[in-house]
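The values are calculated or read from the model by the stated rules, or taken from the named source; none is laboratory data. Small disclaimer: the values here were computed from a predicted structure and weren't measured. Cβ atoms come from the backbone with ideal geometry, glycine included; neighbour counts cover every protein chain shown.
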């Protein structure tokens, strides 16, 4: 193996072990994770922090992944003590700002999983932004009872008592 190929392989190997990698650009993705799924669970939810280090507002338009038949961006609205998930067309990320995808709020919905999410694995996805373009991300598969990223969580349960595994079976949008 030539020195150049070795260096390229080393860089790719290091990149694969990073938390959540973004392309060179103003968008930085951090703390991207999903919970491990149980056998027969058709869906999973992904969470992350999106930072826009640029000087221009941007907007997350879509998420794509080969891990599921369909991937959508969702939020949770609470009205009168009732939490409802609904799909959104996008999420604004202001210049110099940050948006957190967390249980009980914005999340990436992986619908009709092609295989269970297994603890320790990674789920590849591509985020498409209005200005930054495509940004690859690796969601780390955490234990099924994992409650959240930096600074705590919700005891392994999504806020509002919502079960993402049952999404689509009577869940109101």
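Right, residue 66: within 15 Å of the chain's Cα centre (by Cα) and either surrounded by fewer than 18 Cβ atoms within 10 Å (Cβ to Cβ) or not in a loop (DSSP other than H, G, I, E, B) (or both) or not?
yes
Quickly run through the range 27-41 and pick out the residues that are touching a strand residue (DSSP E or B) at 6+ places or on another chain (Cβ under 6 Å) and either on the phi > 0 side of the Ramachandran plot or in contact (Cβ under 8 Å) with a residue 24 or more places away in the chain (or both).
Within the range 27-41, 27, 28, 29, 31, 32, 33, 34, 35, 36, 37 qualify.
Only one of 97, 105, 133 is at positive phi and out of contact with any helix residue (DSSP H, G or I) (no Cβ under 6 Å at 6 or more places or on another chain); which?
133
With the requirement that a residue be closer than 23 Å to residue 74 by Cα and at pLDDT below 70, what does the range 15-49 give you?
Scanning the range 15-49 gives 19, 20, 21, 22.
Collect the residues in the range 109-131 that are more than 12 Å from residue 35 (Cβ to Cβ), within 12 Å of the chain's Cα centre (by Cα) and surrounded by 15 or more Cβ atoms within 10 Å (Cβ to Cβ), keeping them in residue-number order.
Scanning the range 109-131 gives 109, 122, 125, 126, 127.
Here are the criteria: (1) touching a residue at least 60 places away in the same chain (Cβ under 8 Å); (2) in contact with a strand residue (DSSP E or B) (Cβ under 8 Å, 6 or more places away or on another chain). Tell me which single one residue 56 does not satisfy.
So residue 56 meets the others, but not (2).
Would it be correct to say that residue 7 is surrounded by fewer than 18 Cβ atoms within 10 Å (Cβ to Cβ), touching a helix residue (DSSP H, G or I) at 6+ places or on another chain (Cβ under 9 Å) and at pLDDT below 95?
no
Quick check on this structure: which one of 76, 88, 99 is without any contact (Cβ under 8 Å) to a residue 60 or more places away in the chain, surrounded by 14 or more Cβ atoms within 10 Å (Cβ to Cβ) and touching a strand residue (DSSP E or B) at 6+ places or on another chain (Cβ under 8 Å)?
Going through 76, 88, 99 in turn, just one is without any contact (Cβ under 8 Å) to a residue 60 or more places away in the chain, surrounded by 14 or more Cβ atoms within 10 Å (Cβ to Cβ) and touching a strand residue (DSSP E or B) at 6+ places or on another chain (Cβ under 8 Å): 99.
Could you list, in sequence order, the residues of the range 125-154 that are at pLDDT below 95 and either closer than 16 Å to residue 28 by Cβ or part of a strand (DSSP E or B) (or both)?
The answer is 149, 150.
Look through 140, 134 and report the one residue that is touching a residue at least 12 places away in the same chain (Cβ under 8 Å) and within 24 Å of residue 39 (Cβ to Cβ).
140
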